[in-house]
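Taking it in order: structure first as structure tokens, then the write-up.
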Amino acid sequence: MLEDYLDILTVEEACEALRVGENALYSLLNRGIIKGYRNGRVWRIPKVALQEYILESMGKKQ
């Protein structure tokens, strides 16, 4: 699923990959649920952080 993306994603790319809105993603980032970093005012999200979030979310639902 994430193989089409570079190792570092923009907010727009992460939203597309997770199929969530920007507000939802910003909330996850600000609460530290998804790890990311800011480059000035712009968030960057490592692909690994999205993979970890997806796997953790799947584990909670099982």
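The single condition among (1) out of contact with any Cys (no Cβ under 9 Å at 6 or more places or on another chain); (2) free of Cβ contacts under 8 Å to residues at least 24 places away in the same chain that residue 50 does not satisfy is (2).
Residues that are basic (Lys, Arg) and out of contact with any strand residue (DSSP E or B) (no Cβ under 9 Å at 6 or more places or on another chain) within the stretch 6-49 comprise 19, 31, 41, listed in sequence order.
Within the stretch 18-42, the set of residues being of a type in the set (A, V, I, L, M), in contact (Cβ under 8 Å) with a residue 12 or more places away in the chain and surrounded by 10 or more Cβ atoms within 10 Å (Cβ to Cβ) comprises 18, 25, 28, 29, 33, 34.
Where a number appears in this text, it was derived from the coordinates with a stated rule and is not lab data. Computed from a prediction, not measured in an experiment: that's the story for all the values here. Heads up, the Cβs are rebuilt from the backbone with ideal geometry, glycines too, and the neighbour counts pull from every protein chain shown.
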